[in-house]
Amino acid sequence: MDRPNRITIEEGPQAGTLRHTAVSHIGFSVPDVAAAEDFYGRVLGLVRQGELADGGVRLGWGTGHHVIDLIPGEQGLAHYGFEVRDADGIAGIRARLVAAGYEVADLDPSYIDAPRGEATGIVVIDPDGTPAHFHSAVQRQGENATDTGRRPIKFQHTTLGTSDVQPMIEFFVNTIGFRISDQLADGRFCWLRSDKDHHTVAIVNVGKGGDIDHYSYDLAEWADFKAWCDRLTELDVDVQWGPGRHGPGNNLFVFFDDPAGNHIELSAEMEKFYDEAVTYVPRRWEPVPQSVNLWGGQTPVWRKTSEQRSVGATA
């Protein structure tokens, strides 16, 4: 089989600077805030934690840091955020961004649910034009009190859609300080980590930038994953992709959509990296359906790979 366009995405010297950073929150513009709020409460157990300007709402798991901002408007990604627990992490990110020519501003404190209000944060516009938030440690009591049969244990990762992967890699890996865990060999999909989870953020070429591809919630274990697949049916939520197991990350997955059309993943058994004392070379997967789903290679209408391995696979 002819395999053109083999690309190796390179890491710079800043790669791996962050080792204790996780996703924090995400904001969506949605056409119907009430419908979206009802969906997230009914399906994922998120409750209103505050009201935003112009009819928006802020959702979380009752106490501690929020998870989602729902903002009235046409469907789209409004912003996304990360909690940085690395020593001097915020100061270091700010310095690296400024050195790379980015304009950095202080983050509105209302985005940070911190112990006794003691937190710092910054906001920067990513290469695709979306505000990215980075802030210090926040409270997470709501996550610690989870009922895994009724809601996930945490917001786990964000996958950003882009028209050009390389500038986003330069931003996240070679400036912010994430590391590459895996990539597709055609350079169109890259998974990045900033703690022990296989990926905190992923970047995929979807033909346009500045939008969400999907975002994911973590389930505790296989038993919860199996139960949640049944639960989605009981809630009349249509499964859009899965159940399956990804190659990169080795995690179980099932996908469904919120009322605005945002793709939501439930994930379990994410691969962990305990590699502080070793040299790790990012893996390169073939850009075929069998890489993104080891259980048969089927893909949804919104996920394409650039090559196929067998007749009937997605092109």
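Rule-based calculations on the coordinates, nothing more; no lab input. Predicted model, so just to flag it, every value in this text is computed and none were measured. Note that we place each Cβ from the backbone using ideal geometry, even for glycine, and neighbour counts take in every protein chain shown.
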(message) Order 105-112, 267-274 from most to least packed using the mean count of other Cβ atoms within 10 Å.
(response) 267-274, 105-112
(request) Please find, in a Gaussian network model of the chain (springs between Cα atoms separated by less than 10 Å), the residue of ASP275, ASP126, ASP218 whose mean-square fluctuation is greatest. (result) ASP275
(message) Amide H of ASP213 versus every other amide H placed in the peptide plane: which residues, excluding those fewer than 5 positions away on the same chain, fall under 5 Å?
(response) THR159, LEU160, GLY161
(request) Using amide H atoms built 1.01 Å from N in the peptide plane, name the residues 5+ places from TRP241, or on other chains, whose amide H lies under 5 Å from its own. (result) PHE255
(request) Normalising by the residue count of the chain, find the relative contact order in percent from Cα pairs under 8 Å and 6+ residues apart. (result) 17
(message) Run the reach check for LYS154 against lysines, Cα to Cα strictly under 21 Å, same-chain hits fewer than 8 apart removed. What comes back?
(response) LYS196, LYS226, LYS272
(request) Report the local net charge at LEU97: Lys and Arg +1, Asp and Glu -1, summed over other residues whose C-beta lies under 12 Å from its C-beta. (result) -1
(request) For a footprinting-style exposure proxy, rank TYR40, TYR102 by other Cβ within 10 Å, fewest first. (result) TYR102, TYR40
(request) Take the chain, connect every pair of alpha-carbon atoms lying under 10 Å apart with a spring to form a Gaussian network, then pick out the residue of LEU266, LEU46, LEU232 with the largest mean-square fluctuation. (result) LEU232
(request) Using a Gaussian network model of the chain whose springs link C-alpha atoms within less than 10 Å, name the residue from GLY16, GLY89, GLY207 with the highest mean-square fluctuation. (result) GLY207
(message) For a protection proxy built on the mean count of beta-carbon atoms within 10 angstrom, sort 250-257, 65-72, 136-143 highest first, please.
(response) 65-72, 250-257, 136-143
(request) Count charges around LYS208 for me, please; just the other residues with Cβ under 12 Å from its Cβ, Lys/Arg as +1, Asp/Glu as -1. (result) -4
(message) Please list 3J(HN,Hα) in residue order for the stretch 12-19, calculated via the Karplus relation 6.51 cos²θ - 1.76 cosθ + 1.60 where θ = phi - 60°; whole Hz, with x for glycine and proline.
(response) x, x, 7, 4, x, 4, 8, 10
(request) Nearest 5 is fine: what % of DSSP beta bridges in the stretch 21-140 come out antiparallel, could you say? (result) 70
(request) Specify which labelled value, from [x] 67, 18, 17; [y] 28, 26, 18; [z] 34, 21, 20, agrees with semi-axes √(5λ) of the Cα gyration tensor in Å derived from the coordinates of the model shown. (result) [y]
(message) Just to confirm the filter: which GluC sites (Glu not before Pro) across the stretch 8-105 are DSSP coil and have at most 13 other Cβ within 10 angstrom of their Cβ?
(response) GLU10, GLU74, GLU103
(message) Through the Karplus equation 6.51 cos²θ - 1.76 cosθ + 1.60, θ set to phi - 60°, convert the phi angles of the stretch 280-296 into ³J(HN,Hα) values in whole Hz; use x for Gly and Pro.
(response) 10, 9, x, 7, 10, 9, 5, x, 10, x, 5, 6, 7, 8, 5, 8, x
